[in-house]
Every structure is written in structure tokens, then in C-alpha cells.
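The values are calculated or read from the model by the stated rules, or taken from the named source; none is laboratory data. Every value quoted in this text rests on a predicted model; they were computed, and no experiment measured them. Cβ placement follows ideal geometry from the backbone for every residue including glycine, while neighbour counts extend to all protein chains displayed.
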Amino acid sequence: MLDTTYNGWTNYATWRVNLEIFDGLEASDMFDMTSDAYDLGENLKEYAEEVVFMSVADPYATLAIDYAMAFLQEVNWHEIAKHMIADYAET
């Protein structure tokens with residue numbers, strides 16, 4: 001069995017998206033932290049997809065967007081959501 005964990009996270013994609021998109025973000029200002037981890041995970045996924053689309057200067061750069069969206073498919077959104085909920089509960 002192949003171990004794909006990375007720095008304590010499910011995989012590299014989950015670690016990197018959490019680090020580069022959500023780390024330092026006041027999640028409680030943007031998301032309903034009382035929702036369950038599934039719903040929050042879905043909201044996080046939508047937010048990350050918006051970040052990808054906003055960061056591409058050329059709206060016709062579909063290849064770059066396709067690669068970014070494929071990378072986002074590997075993210076464990078539920079894990080990031082549970083992490084955020086736990087952090088919120090500690091405050």
C-alpha cells in the first residue's frame with residue numbers, strides 16, 4: 001500500500017491548498033463554522049475554485065485552469081473543514 005500522506009495531511013494537495021489558500025484566513029468571517037464538516041468542506045472547495053479562476057490573468061488559459069482544477073480534485077476538503085472547525089472551537 002502506497003502512503004500518500006504529507007506533513008500530517010491526507011496528501012500533498014490537501015496540505016498545499018490548506019497552506020496556500022486557507023492558512024491565516026479568518027474562516028469564521030467567511031464561512032458558517034457551526035455547519036458540519038461536509039457542508040463546510042463543500043464551501044471551501046467552491047472558494048478555492050473561485051481563487052483559481054480569479055488568479056488566472058488570461059481567461060482563455062483553459063489548460064492552466066484544467067490542471068489547477070485536477071489538482072483541487074485530490075484535496076480532502078472534509079479534512080480541512082474538520083481542522084478549521086477544531087481551530088474555531090479552541091478560540
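Worth pointing out:
- Selection status of residue 39, among the acidic types (Asp, Glu) and either in a loop (DSSP other than H, G, I, E, B) or closer than 22 Å to residue 8 by Cα (or both): no
- Boolean, residue 68 is assigned to a helix (DSSP H, G or I) and exposed (fewer than 15 other Cβ atoms within 10 Å of the Cβ): no
- Count - residues of the range 73-89 that are over 16 Å from residue 23 (Cβ atoms) and either of a type outside the set (A, V, I, L, M) or surrounded by 11 or more Cβ atoms within 10 Å (Cβ to Cβ) (or both): 3
- Qualifying residues in the range 1-48 (those that are farther than 19 Å from residue 90 by Cα, in contact with a helix residue (DSSP H, G or I) (Cβ under 6 Å, 6 or more places away or on another chain) and aromatic (Phe, Trp, Tyr)) - the one surrounded by the fewest Cβ atoms within 10 Å (Cβ to Cβ): 6
- Remark: residue 14 matches the filter, which requires a residue to be part of a helix (DSSP H, G or I) and of a type in the set (Ser, Thr, Tyr).
- Qualifying residue in the range 45-54 (condition: part of a helix (DSSP H, G or I), among the hydrophobic types (A, V, I, L, M, F, W, C) and at pLDDT 95 or above): yes
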